[in-house]
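The values are calculated or read from the model by the stated rules, or taken from the named source; none is laboratory data. Being a predicted model, the structure only gives us computed values, none of them experimental. Neighbour counts are summed over all protein chains in view; Cβ atoms, including those assigned to glycine, are modelled from backbone coordinates with ideal geometry. Only protein heavy atoms, including side chains, enter the accessible area calculation; ligands, DNA and RNA are left aside. Shrake-Rupley method; radii C 1.70, N 1.55, O 1.52, S 1.80 Å.
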Amino acid sequence: MGNQKVTTITNTTTVEALNLTKEFDFQNSKVLALGDATFSIVLGEFVVILGHSGSGKSTLLNLVGGLDKPSNGTIKVCNTDLSSLDDNALSSFRSLNIGFIFQTYNLVSTLTSLENIYFPMKLANFEDEQLIKERADELLALVGLTSRADYLPFQLSCGEQQRVAIARALVNDPSLILADEPTGNLDWVTGKEIISFLKQISRDQKKTMIVVTHDERLVEFADVVMRLEKGRIVSIVRSS
């Protein structure tokens, strides 16, 4: 399976899940984290997945992102069945097609803002140093932090760190962006600014954005609202 071909998106469906299920072993029994999730997400949609702690929303995000494998069912991302990929192909697929934004930013503390942004391009073995620098400069400008290019993470505010994390998620031009509680460490004024910015990116660049949250206030930004309870999807509502 090491010679598998990894492709980018070829149709308007970015994510397609069928009976997606994840169980964990616990004390000689099975614990259901996600059960029989079936849904599709179209290119460019801004999706908010809502649920309390333990509802299965982070499990769902990890399955969509190829960070975990389902116990049953299928998950296709960018027209590719993730279960058909071995670990190397899956890693390559993620680097080309999926950007990740985390609640805790996950910036490398010893790298500047600019270096944190182009770090994924280095990992993806881009060799054109000029192209790497130009792409990072472009994204730093996009998130409004050109003047912070040489700042280390501890020199940035929480909102600025999240903006660097957003720029990093965009650096390889993925079709799909996954954000896990991106406003969880921010006050609402800053959080609303971040979500508005993500919505703008989704709209302007035709990127599919999936945001996992427990915050009902994010619903106003969504094209699709998916609600989970106890590992089950209880509703999927698309705005008209």
### Query
Scanning region 172-217 for residues that are without any contact (Cβ under 8 Å) to a residue 60 or more places away in the chain and hydrophobic (A, V, I, L, M, F, W, C), which turns out nearest to Asn79 (Cα to Cα)?
Ile201
### Task
Tell me, please, whether a residue that is on the phi < 0 side of the Ramachandran plot and touching a Pro at 6+ places or on another chain (Cβ under 9 Å) can be found in region 170-178.
yes
### Query
Can you pull out the residues in region 108-133 that are among the charged types (D, E, K, R), assigned to a helix (DSSP H, G or I) and modelled with pLDDT under 90?
Lys122, Glu129, Lys133
### Yes/no for Val219 being over 25 Å from Phe154 (Cβ atoms) and outside any helix (DSSP H, G or I)
no
### Message
For region 86-127, give me the residue count where each residue is farther than 26 Å from Val143 by Cα and either among the acidic types (Asp, Glu) or over 19 Å from the mean Cα position of the chain (by Cα) (or both).
### Response
3
### Task
For residues that are modelled with pLDDT under 90 and among the charged types (D, E, K, R), scanning just region 1-60, find the one that is most open to solvent (accessible area, probe 1.4 Å).
Lys5
### Query
Would a scan of region 87-107 turn up a residue that is part of a helix (DSSP H, G or I) and open to solvent by 80 Å² or more (accessible area, probe 1.4 Å)?
yes
### Task
Provide a single number: the residues in region 14-49 that are among the hydrophobic types (A, V, I, L, M, F, W, C), in a strand (DSSP E or B) and either out of contact with any helix residue (DSSP H, G or I) (no Cβ under 7 Å at 6 or more places or on another chain) or without any contact (Cβ under 8 Å) to a residue 60 or more places away in the chain (or both).
11
### Summary
By residue number, the members of region 187-236 that are under 20 Å from Asn97 (Cα atoms) and among the aliphatic types (A, V, I, L, M) are Leu198, Ile201, Met209, Ile210, Val211, Val212
